[in-house]
Amino acid sequence: MRTVLRGALVTLRPATVDDIPSLVAIRSTPEVYARWRGGDDLTAAVAEELEDPGAQTFAIEHGGRVAGAVQWGAEDEPDYRHANIDIYLDPAVHGRGLGTDAVRTLARHLIDDHGFRRLVIDPAADNAAAIRCYHKVGFRPVGIMRQYERGPDGSWHDGLLMDLLAEELE
């Protein structure tokens, strides 16, 4: 994967091992760690994610530095074919539209270049900022997935399944 994608505010480029320290620093922030976790060894967790053959990870660049990561995977069964997206962003740049731009840029790539007609994303049901971001791109709520993921404290939390059809991309 050598594709570099340019949005209005961010550049998405394939993440490399050189990005691991920056991504670990972002994942270590309390706001990101609460949603993404990664265990006691975040360096190993990030490295493992970059090597995952089922996901393609882009570093999100803004202002000449790594501001986060966005990744996607696919369900390739023809009758259910769709792509899924996940993202984390440095809290220092929250509220500037970078997440919206990154998700929109990747969504456009998945629709236009890979031919996906449906995309899904699954924020925590209580993550209002993420839900607003995805809604701006055109994602719509599908339903609550009860006790969908375990939090860092071991308790279970609901997730919100959202999807976007190609013609709904804003």
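Beta carbons closer than 9 Å, at least 6 apart along the sequence or on distinct chains, pair a first residue in region 77-92 that is farther than 18 Å from ARG118 by Cβ with a second that is open to solvent by 70 Å² or more (accessible area, probe 1.4 Å) and part of a strand (DSSP E or B) for ASP90/ARG65. Among the residues of region 46-57, are any more than 23 Å from VAL120 (Cα to Cα), touching a helix residue (DSSP H, G or I) at 6+ places or on another chain (Cβ under 6 Å) and polar (S, T, N, Q)? No, the conditions are met nowhere in region 46-57.
Matching residues to (1) in a loop (DSSP other than H, G, I, E, B); (2) within 25 Å of PRO91 (Cβ to Cβ); (3) modelled with pLDDT under 95:
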| position | (1), (2), (3) |
| --- | --- |
| VAL142 | no, no, no |
| ARG146 | no, no, no |
| ASP153 | yes, yes, yes |
| LEU161 | no, yes, no |
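Kindly indicate whether any position in region 93-105 is in contact with a helix residue (DSSP H, G or I) (Cβ under 9 Å, 6 or more places away or on another chain), over 23 Å from PRO141 (Cα atoms) and either polar (S, T, N, Q) or touching a residue at least 12 places away in the same chain (Cβ under 8 Å) (or both). Among the residues of region 93-105, at least one is in contact with a helix residue (DSSP H, G or I) (Cβ under 9 Å, 6 or more places away or on another chain), over 23 Å from PRO141 (Cα atoms) and either polar (S, T, N, Q) or touching a residue at least 12 places away in the same chain (Cβ under 8 Å) (or both), which makes the answer yes. In region 83-94, the qualifying residues are those that are outside any helix (DSSP H, G or I) and of a type outside the set (Ser, Thr, Tyr), and the one that is farthest from LEU164 (Cα to Cα) is ASP90. Identify all residues within region 126-162 that are crowded, with 19+ Cβ neighbours inside 10 Å and touching a Gly at 6+ places or on another chain (Cβ under 7 Å); write none if there are none. Correct list: CYS133 only.
Residue-by-condition table, conditions (1) part of a helix (DSSP H, G or I); (2) of a type in the set (Val, Ile, Thr); (3) in contact with a Leu (Cβ under 7 Å, 6 or more places away or on another chain):
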{"site": "ARG96", "(1), (2), (3)": "no, no, no"}
{"site": "LEU106", "(1), (2), (3)": "yes, no, yes"}
{"site": "HIS109", "(1), (2), (3)": "yes, no, yes"}
{"site": "LYS136", "(1), (2), (3)": "yes, no, no"}
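Can you work out which of the residues in region 12-38 that are touching a strand residue (DSSP E or B) at 6+ places or on another chain (Cβ under 8 Å) and assigned to a helix (DSSP H, G or I) is most open to solvent (accessible area, probe 1.4 Å)?
ARG35
Pairs under 9 Å by beta carbon, first residue touching a residue at least 12 places away in the same chain (Cβ under 8 Å) in region 153-166, partner surrounded by fewer than 16 Cβ atoms within 10 Å (Cβ to Cβ) and part of a helix (DSSP H, G or I), six or more apart or different chains? Note: pairs meeting the criteria are MET162/HIS135; ALA166/ASP112. What's the number of the only condition in (1) open to solvent by less than 80 Å² (accessible area, probe 1.4 Å); (2) over 24 Å from PRO152 (Cα atoms); (3) modelled with pLDDT of 95 or more; (4) not charged (D, E, K, R) that THR3 fails to meet? Status for THR3: all satisfied but (3). In a residue-by-residue description of region 66-75, the property of being surrounded by 15 or more Cβ atoms within 10 Å (Cβ to Cβ), more than 25 Å from ALA34 (Cβ to Cβ) and touching a helix residue (DSSP H, G or I) at 6+ places or on another chain (Cβ under 7 Å) applies to no position. Filter region 8-29 down to the residues that are over 17 Å from VAL46 (Cβ atoms) and more than 15 Å from the chain's Cα centre (by Cα) and list them by number. Matches in region 8-29: ALA8, LEU9.
The values are calculated or read from the model by the stated rules, or taken from the named source; none is laboratory data. As the structure is a prediction and not an experimental result, all values here were calculated from the model. Note that we place each Cβ from the backbone using ideal geometry, even for glycine, and neighbour counts take in every protein chain shown. Side chains included, ligands, DNA and RNA excluded: accessible areas come from the protein's heavy atoms. Shrake-Rupley method; radii C 1.70, N 1.55, O 1.52, S 1.80 Å.
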